[in-house]
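Written below as structure tokens is the structure these notes are about.
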Amino acid sequence: MLFDPSPKRKREDLYDFDEELAKLQSYLGQPLVAVVGLRRTGKTSLILTALEESGHPYIFFDLRTISPSTKDLYQLVSKGLEDFLASGSTWTGVRNAFVRLLKLVRGVSISGVSVDLAWGRGERPMLTDIFGALNEAAGEEGSKLVIAVDEVQRATGQVSVALQNAFAYSYDHLRNLSFVISGSEMQLLYRLLEDPEAPLYGRAFLEVKTRRLARDEAEDFLEKGFEEAGVSVGQGEIEEAAARLDGIIGWLTYYGYSRAIRGSGLDEAWRSAVNLAGSELANFLACRVSRERYRLILKLLARGVKEWGGLKSGLEDREGKRVSDRVLYEILETLRKHSLIDEHNDFQDPLLREAAKGL
Ligand SMILES: Nc1ncnc2c1ncn2[C@@H]1O[C@H](COP(=O)(O)OP(=O)(O)O)[C@@H](O)[C@H]1O
Ligand SMILES: [Mg+2]
């Protein structure tokens, strides 16, 4: 179903994006592929659909929801491995070989499809040993195994370093593995790949970008989705929705689902989408040390104050003292790195802008 709110896994549920899908499919099996695009532009859907259709054995690690600690990371890895071991009747050979090899790795215990990884310092298995077992298992069966890491930039600090080192090691030594990494906070993702200090620096990677739908595509998507759901919605409302949701397929899906399944109108769907965007902004702010400054700048930007002078005097008025240019510069850079605003200080997403007005 086009309006199904979870990430798509099947070609028939994926609207358009033929070119992006074909590109990603042709890249699977290469050492490193990056899938980049704003939040809710269909990265996870594209990756899962390409993987499902590809015939490659794959493991999917989902870093979406949290900024993982080492413990979280190991739990996510064991979840990914368990899903792989439980994934139906295909790739039995690779799976059996993997179980046999993984049992030899220190800090791992397996029973049935449950995989426990120790995470304590000195106890935990090295990620490269786990990847090594996967590499060897794939090699024995003559296949390339794809490891997808969704929203990889969520990992920070030590966890990020551990992951990046494991990717770099695998890139250089584990030829039967293919990595697909994705990220919504695009500059942060590029930093993993292109910063001279980063472990992966200098390795070639392939790239697939997701995009906003054009206005006519967005309208067509909504029409097809409503038709599929058997709900009739006036052309005027469809046009208005496409205009307000700015071609972001995740918001179009959210609206379509709310309208078709829950019967809520555009304004109601808009309000609850703004709430959702607002909670994402709140999470972003919770991670900032000087969150009150960020809050103010986001609010000013949302209200259309985009010029340096206006933003700076806004900050100074609030704090009742001079604020250095550096402070404002870093706030704006951080907002850009997290793909919240673009180089003209415009919000990348109209729902985030609306949510920021109420901060
Ligand atoms: N090509 C598509 N066709 C239909 N729905 C899609 C498509 N791409 C994404 N969606 C929907 O949009 C929402 C966000 O998609 P997702 O793949 O999670 O995006 P991202 O990973 O970029 O944040 C989900 O509800 C998903 O079902
Ligand atoms: Mg995603």
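Some observations on this one:
- Test: Tyr190 is within 23 Å of the chain's Cα centre (by Cα), assigned by TED's automatic domain parsing to the domain that holds Ala97 and over 30 Å from Phe98 (Cα atoms): yes
Yes or no, residue by residue, for (1) outside the structural domain of Lys357 (by TED's automatic domain parsing); (2) over 19 Å from Asp342 (Cα atoms):
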{"position": "Leu245", "(1), (2)": "yes, no"}
{"position": "Tyr255", "(1), (2)": "yes, yes"}
{"position": "Leu266", "(1), (2)": "yes, yes"}
{"position": "Gly304", "(1), (2)": "no, no"}
{"position": "Glu319", "(1), (2)": "no, yes"}
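- Matching residues in region 16-36 - criterion: being surrounded by fewer than 21 Cβ atoms within 10 Å (Cβ to Cβ), in a loop (DSSP other than H, G, I, E, B) and of a type outside the set (Asp, Glu): Gly29, Pro31
- Hits in region 37-60 (condition: in a helix (DSSP H, G or I), among the small types (Gly, Ala, Ser) and either under 19 Å from the mean Cα position of the chain (by Cα) or crowded, with 21+ Cβ neighbours inside 10 Å (or both)): Ser45, Ala50
- Residue in region 66-84 that is under 18 Å from Asp150 (Cβ atoms), near ligand 1 (Cβ under 8 Å from one of its atoms) and not in a loop (DSSP other than H, G, I, E, B) present: no
- Test result for Tyr169, part of a helix (DSSP H, G or I) and among the hydroxyl-bearing types (Ser, Thr, Tyr): yes
- Region 64-122, residues that are among the hydrophobic types (A, V, I, L, M, F, W, C), at pLDDT below 90 and over 30 Å from Gly142 (Cβ atoms): Ile66
- Residue among Leu177, Leu206 that alone is more than 16 Å from ligand 2 (Cβ to nearest atom), at pLDDT 95 or above and either closer than 17 Å to Ile59 by Cβ or of a type in the set (Asp, Glu) (or both): Leu177
- Residue identified as away from ligand 1 (no atom under 12 Å from the Cβ) and either under 28 Å from Phe221 (Cβ atoms) or in contact with a Pro (Cβ under 7 Å, 6 or more places away or on another chain) (or both) among Arg95, Arg106: Arg106
- Residues that are hydrophobic (A, V, I, L, M, F, W, C) and touching a residue at least 40 places away in the same chain (Cβ under 8 Å) number at least 1 in the following helices (runs of 4 or more DSSP H) confined to region 247-327: 249-257, 266-286, 291-302.
- If you go through region 144-186 and keep only what is surrounded by fewer than 20 Cβ atoms within 10 Å (Cβ to Cβ) and within 16 Å of ligand 1 (Cβ to nearest atom), you end up with just Met186.
- Restricting region 100-127 to residues that are in contact with a Ser or Thr (Cβ under 7 Å, 6 or more places away or on another chain) and outside any loop (DSSP other than H, G, I, E, B), the residue that is farthest from ligand 2 (Cβ to nearest atom) is Asp116.
- Out of Glu151, Glu136, one residue alone is farther than 28 Å from Lys43 by Cα and either within 16 Å of ligand 2 (Cβ to nearest atom) or modelled with pLDDT of 95 or more (or both). It is Glu136.
The values are calculated or read from the model by the stated rules, or taken from the named source; none is laboratory data. Computed from a predicted model, the values in this text were never measured in an experiment. Here Cβ is always computed from backbone atoms with ideal geometry, including for glycine, and neighbour counts include all displayed protein chains.
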